[in-house]
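No lab work stands behind these numbers, since they all come straight from the coordinates. Source: prediction; values computed, not measured. A quick note on method: Cβ atoms are made from the backbone with ideal geometry, for glycine too, and the neighbour counts reach across all protein chains shown.
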Amino acid sequence: MKRINLFVFATHHLSNNVAAQRFKGLLKYLDPAKYRVFIFTREPPAGARAPDLPAALDVTVIPLPGRCVGSESSAASSLLTLAAAFIRPLPFMLAGSGVASGVWFVSALTQADRLCREKLAAGERCVAIGTYSPIDSLVAAAALASRCGIACLQDFRDGLVFEPLGRPGWLRTALRKLIEWRVVAGSKMITSVSGPLVDDFRLRYPGKTTQVLPNGYDPADFSGLTKDADSERRADAILARNVPAGSVLIGHFGRIGASDGSASQSLACFIEAMNASASASANVHVMFVGELTPAERELVKGANFSTSMLQPVERTLAIELMKRCDRLLLLTGSRASCATGKLFEYLAAGAEVLCISGVHNAATDILAETGAGQTLLTSEVAVRGGALQEVLAPGANRANRDIKAYSKVEQASMLDGWISQMVLT
């Protein structure tokens, strides 16, 4: 049987961004006898280490320079991307011209178009996959699918219209709706990260097949730690330097308000509740590893219990540190769709998760479903002074954990079934 070629547009694939993990782990568990994968991504930052890929896989990662829509891009380059959402031949017409110089999705499409035509000429099947954010990937996938007449899957790690990233405003909201409608129009399937997002897509696009493809953890990342003596030594040194001996260690990893501004309020609630409860904070050390905003750093400095703030570390070391924690702290805000990527690494790390959240959301649902932790709403903490003390008590509410549904191995099986159905219909 001839293989299926996947043309995956994933701008973050070679970065340390949590967004990179969504497809990085997933694709390697597809059957190499059935799939050939081409990943179009942006060049990694200087000095960044490219991911290792198992030799058995037929995966080609194609890193390309260029700008994407966002804070770094000029108005002119953003307009070109937006225009391409509506005029799908445009990037192919502009390929090699000065107008498109330095625009990532034009470079990506130039290479994808050549490869896709080669595979189609050989009688093989092809599928385009776009992964948002940024929108450049969705635009590229839609353009390739339209030009080559192949199936297209559009994946939304975040909301473009429902609880969107980016700045508010009626004009931006209207533009997001138009772009989303356009990139979804030519797709055979929409996947998104959480139930609330998928429910919204199903309501607004009732004729489209839409499925939940949650974030997840890669079992290989955790089994491989047993062979990583360097990360073990570095983790030991960090803990010895920052954590008082005998402390109950609560760890938070990654960003808070830099990803979701409303989550900073949950940090403030946690600090205030810990300050107010001598029994909850006794013999506890809270370690923050990752990017905090200046305001968040000031909140942590106001803690009257033991804390430390570490700069971001590479992922293998972060996972090693997670495994040393007694509790893992998850802070979410007012976004119902929130199922932040760090949650799934928390699940696999094994320590019980304590979530402080503004609302019940996708992340809190996953904790309840898997038995991996407990949630306190900020409103609950405010009115019930002993709430935090209760959940931090030794042995409190240790449920049976079942996290299998969030393994990349299981999710790859789901993705395989969906893609197989797409190419057969």
_Extension gain (nm, one decimal) between Trp170 and Ala121, 0.36 nm per residue minus Cα-Cα_ = 13.1 nm
*All-pairs Cα distance distribution in region 219-404, expressed in whole percent, bin size 10 Å*: 9, 39, 40, 11, 0
_CD proxy at 222 nm, helix term only [per DSSP H run n ≥ 4: -39500 (n - 2.57); per residue of the chain; nearest 500]_ = -12500 deg cm²/dmol
*Calculate the length of the line joining the C-alpha centroid of region 233-274 to that of region 116-155, in whole Å.*
41 Å
*Using only Cα atoms, what is the ratio of the radius of gyration of the chain to 2.2 N^0.38 Å?*
1.02
*Which lysines, on any chain, are close to Lys177 with Cα under 26 Å apart, when same-chain ones fewer than 8 places away are left out?*
Lys188, Lys208
*What is the packing order of peptides 322-329, 191-198, taking the mean over residues of other C-beta atoms within 10 Å and listing the highest first?*
191-198, 322-329
*Suppose R0 equals 35 Å; then what is the FRET efficiency for Arg241 and Glu380 from their Cβ-Cβ distance, rounded to the nearest 0.05?*
0.50
*Eligible aspartates and glutamates near Lys34 by straight Cα distance, threshold 12 Å, same-chain separation 8 or greater*: Asp58, Glu124, Asp416
_Net dipole in debye of region 298-412 [+1 Lys, Arg Cβ; -1 Asp, Glu Cβ; about Cα centre; nearest 20]_ = 120 debye
_Please list, by residue number, everything in region 259-277 whose backbone N is under 16 Å from a paramagnetic label point 7 Å out along Cα→Cβ of Thr293._
259-271
